[in-house]
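Engineer: Once you've had a glance at the structure underneath, I'll fire off some questions.
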Amino acid sequence: MLYGMLKEYRALITFDSLSEAFGAEQVLKERNCPSALIHTPRSLRAGCNRALCFPLAFKDLIEDLIDARVVFTGCYEARKEGFVPLGEEAGDSESNQGEDNDDLSG
Amino acid sequence: MMIYLDNGATSWPKPQEVKLIMNEALDSGGNPGRGGHGVSMEAARSVYRVRELLSKIFGINKPTRVVFTSNATQAINTALFGILKSGDHVITSSLEHNAVTRPLNVLENRGVKVTRISGRSGNEFSLEEYAAAFRDNTKLVVTLHASNISGVLLPVEQIGEIARGKGVPYLLDAAQTAGVYPLDLNSLPVDILAFPGHKGLLGPQGTGGLVIGDNCSLRPFIYGGTGSLSELDSQPDFLPDALESGTLNGVGIAGLGGGVKYLLAQGMDNVRKREQQLCQSLIDGLLHIPGVKLYGGTDAATKAPIVAFNLGEIDSMIVGDMLDEEYGIISRAGLHCAPHAHRMLGTIEQGVVRLSPSHFTTEVEIGETLKAVAKVSKELL
C-alpha cells in the first residue's frame, strides 16, 4: 500500500542510516527538489529504517547524491507491480519486492 | 561579584543563543532518531544540523563522520580502545591529560606498548626522539594540541606529517583548542580529532565528540540501540551509528550548535585574539608582581588562552583558595589532571594557578585580578 507522500512522489531511496537520509534530504533541498521522510515500505526493509521519497521527475538527482557521497541501500520507482529499481524498464525486475509484496494500487 | 577565569575547565558564561536553543529543544521533545514520528525526526534533524556545522568547521566533508560523545574524554577513550589492541604500539607525549594517560595505562596492562616522548620546558616534544620511536607495530600517535596547564602548543603539523609518512594515524586531543584555533582536517595532518563541546565551542557540558577521517575505522566502545538495523543483534558498521549507541544528548547537542553558530558569527580568530590579548595583559601584569613564577612563556599570541603561575614556593591551592574566598576570582589550582606535564614543569608538588579568560572577560576584571594577586603575594611572601 502506498502511503504518505509516496503516493504522489513515486521515487524512493532507502538507507540503513538516518543520518545518511538527512544528508540526502539536504542535497535534494539544495536542488529545489521536495522530499519526505517516510517509513521504509515493508517489502524493502528488514528493521525500522527510514526512506526518502521524492518526485520521480527528479530521479536524475540520484547522481548528485552519489557525487555528494551519500550512502544509500537502494533507489526505486513505485509502480503498480511493485518497487522497481530506478532506471530499469517496466517488467525488467521482479526481484526487489520481497515475499510480502506491497500492494501499490494506492 | 565573581570573576570567572576557569574557561579551560568549562567556558562560562554561555552565549544567550545556547540557552535559547536548549530551551527550544526541551520544549520540542523527541528522542533523536528513535521512532518515525515527526517529533523524533525533528530532534534527529536538529542533531544532524550540528553534525553539518561541525563537519564544516573541522574540514571533513561527511557530516556522518562527526560522532557525538558525552565529552572529550569519552571521545578519546572511544578512539584509543577502538584502535589499539594487545601487541600494538602507540606513541604519545609527556604532557598528556589523564584523559589520555589513564586509558593508555589500562591498555598498557592489556599488552599495548606505550612510548612517551620526552620534553622539557621550551621544547615540550622532542621531534627527533619521536621520529625514531616508530616500530613495525605502531598503530597510533596520540597527543594533545595545547597543554591544559600552560597553554603551550605542541608542533602538531610536524607530528602529523611524520606519522603520515609512517602510515600511522594521528589522534589529536583538541580539548583546549577546538573552537579556539582553526582545525581543518583538509590541511592539518590529523586523522582523528577529539573535541569537547563545552569549552571553546561554547556549548553545554555533556557534549563532545570525534571527527573521524576517511581512512580510519574504529571498533565500537559502547554497544546498543542505534535506531537503525534494529532487527540485527550485531552493531551497525556505519558511522555515526556504529559509535553512537543509546540516546544522544539531543538538548545539549542543540545547545552546542548554538555555541558554534555564535562563534562563527563572532569569528573564531577574533575571539581567540581577544582572549590572547587578555592573557597578555595578565602576563605583563604578573611579571611586575614580586615572587611570581610564570610557566609556558610570556608571549600569549603563541599559546592557547591560558596563563599559569605560582607565587614563590607557596602551594598553588592556597593561592587559588585565597583568590576565590577573598576576591571572588575563580582560577584553577592544583595538578589539572595532568601529572606528567607537572613533572615536566617541575611543579608536581606545588601545582600551578591557572587563569583562563574568555572573550566575555573584561579588561577591568583582568585589572582586578592582578590587584588581587599582588595583595595575595604581599600577604604570603
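Nothing in this text is a laboratory measurement; each read-out follows from the coordinates by a stated rule. The model shown is predicted, which means the values in this text are computed figures rather than measured ones. With ideal geometry, Cβ positions are generated from the backbone for all residues, glycine too; neighbour counts draw on all protein chains shown.
Engineer: Which loop trypsin sites (Lys or Arg not before Pro) in region A:25-55, with loop taken from DSSP, have no more than 15 other Cβ atoms within 10 angstrom of their Cβ?
Structural biologist: Of the trypsin sites (Lys or Arg not before Pro), the ones in loops of region A:25-55 whose Cβ has at most 15 other Cβ atoms within 10 Å are A:Arg31.
Engineer: Give me the number: length gained by fully extending B:Glu129 to B:Asn61, i.e. 0.36 nm times residue separation minus the C-alpha to C-alpha distance, one decimal in nm.
Structural biologist: Answer, rounded to one decimal: 21.1 nm.
Engineer: Anyone know which of B:Asp191, B:Asp136, B:Asp237 comes out most mobile in the 10 Å Cα GNM of chain B?
Structural biologist: B:Asp136
Engineer: Which value, in debye to the nearest 20, gives the size of the charge dipole of chain B about its Cα centre, when Lys and Arg are +1 and Asp and Glu are -1 at the Cβ?
Structural biologist: Dipole size: approximately 480 debye.
Engineer: Rounded to two decimal places and with Rh computed the Kirkwood way over Cα pairs, what is Rg over Rh for the protein assembly as shown?
Structural biologist: Ratio of gyration radius to Kirkwood radius: 1.06.
Engineer: Could you work out, residue by residue across B:225-234, how many beta carbons of other chains sit within 10 Å of that residue's beta carbon, and then give the average as an integer?
Structural biologist: 4
Engineer: In square nanometres, what is one fourth of the surface area of the convex hull spanned by the alpha carbons of chain B?
Structural biologist: Quarter of the Cα hull surface area: 18.8 nm².
Engineer: I've got another one for you. Here are some pairs, B:Lys139/B:Lys273; B:Lys62/B:Lys199; B:Lys19/B:Lys273; A:Lys29/B:Lys261; B:Lys56/B:Lys273; which of them have Cα atoms lying more than 28 Å apart in this structure?
Structural biologist: Cα-Cα > 28 Å for B:Lys139/B:Lys273; rest within.
Engineer: Counting only other chains, what is the mean number of Cβ atoms within 10 angstrom of the Cβ of each residue in peptide A:12-25?
Structural biologist: Per residue, the number of nearby Cβ atoms from other chains is 6 on average.
Engineer: While we're looking at this one, here's another question. Tally Lys and Arg at +1 and Asp and Glu at -1 over the other residues with C-beta under 10 Å from the C-beta of B:Phe68: what net charge comes out?
Structural biologist: Net charge around B:Phe68: 0.
Engineer: Explain nothing, just the number: dipole magnitude of the protein assembly as shown about its Cα centre with +1 on each Lys and Arg Cβ and -1 on each Asp and Glu Cβ, in debye rounded to the nearest 20.
Structural biologist: Result for the protein assembly as shown is approximately 860 debye, rounded to the nearest 20.
Engineer: Now for a different question. Based on the Kirkwood radius over alpha-carbon pairs, what is the Stokes-Einstein translational diffusion coefficient of region A:6-85 at 4 °C with 1.567 mPa s viscosity, in µm²/s?
Structural biologist: For these conditions, the coefficient is 105 µm²/s.
Engineer: Among the lysines, select those whose C-alpha is under 23 Å from the C-alpha of B:Lys371, and discard any that sit fewer than 8 residues away in the same chain.
Structural biologist: B:Lys293
Engineer: Tell me, what is the FRET efficiency for B:Glu325 and B:Lys371 to the nearest 0.05, using R0 = 22 angstrom and their Cβ-Cβ distance as r?
Structural biologist: E(calc), rounded to 0.05, equals 0.85.
Engineer: OK, next. Please give the FRET efficiency for B:Asn270 paired with B:Glu161, using the beta carbon to beta carbon distance and R0 = 22 Å, rounded to the nearest 0.05.
Structural biologist: 0.15
Engineer: In chain B, what percentage of the DSSP-assigned beta bridges are antiparallel, given to the nearest 5?
Structural biologist: For chain B, the DSSP antiparallel bridge percentage is about 50.
Engineer: Follow-up question, since we're still on this one. For chain B, what is the mean residue ellipticity at 222 nm derived from helices alone (per DSSP H run of n ≥ 4: -39500 (n - 2.57); sum divided by total residues; nearest 500 deg cm²/dmol)?
Structural biologist: Value at 222 nm, helices only: -12000 deg cm²/dmol.
Engineer: While we're on this one: At what distance in angstrom do the alpha carbon centres of region B:1-28 and region B:166-204 lie from each other?
Structural biologist: 21 Å
Engineer: So, one more: As an exercise, use a Förster radius of 60 Å and the Cβ-Cβ distance of B:Arg110 and A:Arg79 to find the FRET efficiency, rounded to the nearest 0.05.
Structural biologist: 0.60
Engineer: Of B:Pro357, B:Pro290, B:Thr69, which is farthest along the charge dipole of the protein assembly as shown in the positive direction, counting Lys and Arg as +1 and Asp and Glu as -1 at C-beta?
Structural biologist: The residue sitting farthest along the positive end of the dipole is B:Pro290.
Engineer: Can you tell me which of B:Pro15, B:Pro220, B:Pro290 moves the most in a GNM of chain B? Springs connect C-alpha atoms under 10 Å apart.
Structural biologist: In the Gaussian network model the winner is B:Pro290.
Engineer: So which GluC sites (Glu not before Pro) in region B:309-338 are both in a DSSP loop and have at most 15 other Cβ atoms within 10 Å of their Cβ?
Structural biologist: B:Glu313
Engineer: Let me ask something additional. Considering the dipole of the protein assembly as shown built from charges on the beta carbon (Lys and Arg +1, Asp and Glu -1) around the Cα centre, which of B:Val100, B:Gly165, B:His342 is farthest to its positive end?
Structural biologist: Result: B:His342, furthest along the dipole toward the positive end.
Engineer: Then there is this: Over chain B, with a Gaussian network built from C-alpha contacts below 10 Å, which listed residue (B:Glu368, B:Glu275, B:Glu244) shows the highest mean-square fluctuation?
Structural biologist: B:Glu368
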